[in-house]
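Engineer: To start, I am sharing the structure in question, which I have written as structure tokens.
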Amino acid sequence: MTGKMTAAVLYGKEDMKIEKVPIPRLEEGELLIKVQVALTCGTDVKVYRRGYHARMIVPPALFGHELAGTIDEVGPGVRKFKKGERVVALNSAPCGVCFFCKKHQENLCEDLLFNNGAYAEYIRVPRRIVETNLLTIPDYVNYQDAAMVEPLACVLRGLHETGVEIGDTVAVIGGGPIGLMFVQVAHAIGCNVIAVVKHDSQVAAAKRKGAHDVIQIGHVSDPVEAVRTISSAKRGPDVVIEAVGRPEAWEGAVNMVRKGGTVNFFGGCAAGTKVQIDTNRLHYSEITLKATFHHTPETVRRAFALIAEKKVKGSDYITGEAPLSRLHDVLRLMLNRNGDIKTAIIPGH
């Protein structure tokens, strides 16, 4: 296909333009997808605010990475997919041959290939993603649900790597989409969940997702003490998941967890950030500190299965729709924490 398409182009800090750009040309093994829906997320808001992403984006660049759509054009050599199929394309694919891939840590792949450009009428999907991380959407699953697979895959991997067990008390710091997803999945596997959130709208959302207790920052003098107080015997949660990406929240998580417990630093802080941690507490309380990043092909498929089974729905998280022309307004509102969880951007409108 030749011609122009409408797309969001990131130029720098809070500098984004909706403009006409060439429709990507396909090479061997690639696909062109007509985007039916692209979902906003916290990572995209960070990219918009900072003007770049250390691992994924160097401006000027197309951006956005949670999407579902239909195959519009099939490149040379593609055999598994055909024009018109409904698909979800993940935002990355590992090489499969490096040290980390062979250790089943594909998220740490030395040549992890990222793909951005969901906020556009069309997106080119590189060969490696076509071969490794492109999934056909069943007829009974809608585009908005399917587009949720990327963040859900990250959350599933986070819980698995943390070693969460049925019956654990899990505190989740953060009431954004990722935090709420951790609440929902931890509740679903039989955990007692305490949510630590900031905004009024997040209190109700956390309860809907299955939080047994909600601590609202600003309504208590010390959130760490408040969580420990409501935990069993006031000893602290078994697991604390930090899903905010702020150094003070990382430090609070370490002080919140019980002796012998585990902390997962899931929220990524800005580059160059340092945190201070009490070494005595770490050592004598035998606290495990863990961080998890991104997803793997295995967790992508586990997440997609949950979505196909209607265990996780886009309607649980998507609070509105907007045309691509309004993306700038949507991201600015999210910067100001207006309470929206996710917005479905519809490029064709």
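Engineer: With the checklist (1) within 22 Å of the chain's Cα centre (by Cα); (2) modelled with pLDDT of 95 or more in hand, flag the one item residue 212 doesn't pass.
Structural biologist: (1)
Engineer: If you don't mind, there's one more thing I want to ask. Within the range 166-188, take every residue that is of a type in the set (Val, Ile, Thr) and in a helix (DSSP H, G or I) and give me the one that is nearest to residue 43 (Cα to Cα).
Structural biologist: 178
Engineer: Residue 345 fails exactly one of the following numbered conditions: (1) closer than 21 Å to residue 209 by Cα; (2) at pLDDT 95 or above; (3) outside any helix (DSSP H, G or I); (4) hydrophobic (A, V, I, L, M, F, W, C). What is the number of that condition?
Structural biologist: Every listed condition holds for residue 345 apart from (1).
Engineer: Name the single residue, out of those in the range 11-39 being out of contact with any helix residue (DSSP H, G or I) (no Cβ under 6 Å at 6 or more places or on another chain) and under 16 Å from residue 66 (Cα atoms), that is surrounded by the fewest Cβ atoms within 10 Å (Cβ to Cβ).
Structural biologist: Here the answer is 34.
Engineer: So which residues in the range 293-325 are in contact with an Asp or Glu (Cβ under 9 Å, 6 or more places away or on another chain), surrounded by 16 or more Cβ atoms within 10 Å (Cβ to Cβ) and assigned to a helix (DSSP H, G or I), if there are any at all?
Structural biologist: 297, 300, 303, 307, 308, 314, 324, listed by residue number.
Engineer: Out of everything in the range 122-165 that is of a type in the set (S, T, N, Q) and assigned to a loop (DSSP other than H, G, I, E, B), what residue ends up being nearest to residue 88 (Cα to Cα)? Please lay out each step first, then the result.
Structural biologist: First, the residues of the range 122-165 that are of a type in the set (S, T, N, Q): 132-133, 136, 142, 144, 162.
Next, only the ones that are assigned to a loop (DSSP other than H, G, I, E, B) stay: 133, 142.
Numbers: 133: 9, 142: 11 Å.
By that ranking, first place goes to 133.
The values are calculated or read from the model by the stated rules, or taken from the named source; none is laboratory data. Please read these numbers as outputs of a predicted model, since none were measured by experiment. Note: ideal-geometry Cβ built from the backbone for every residue, glycine included; neighbour counts use all protein chains shown.
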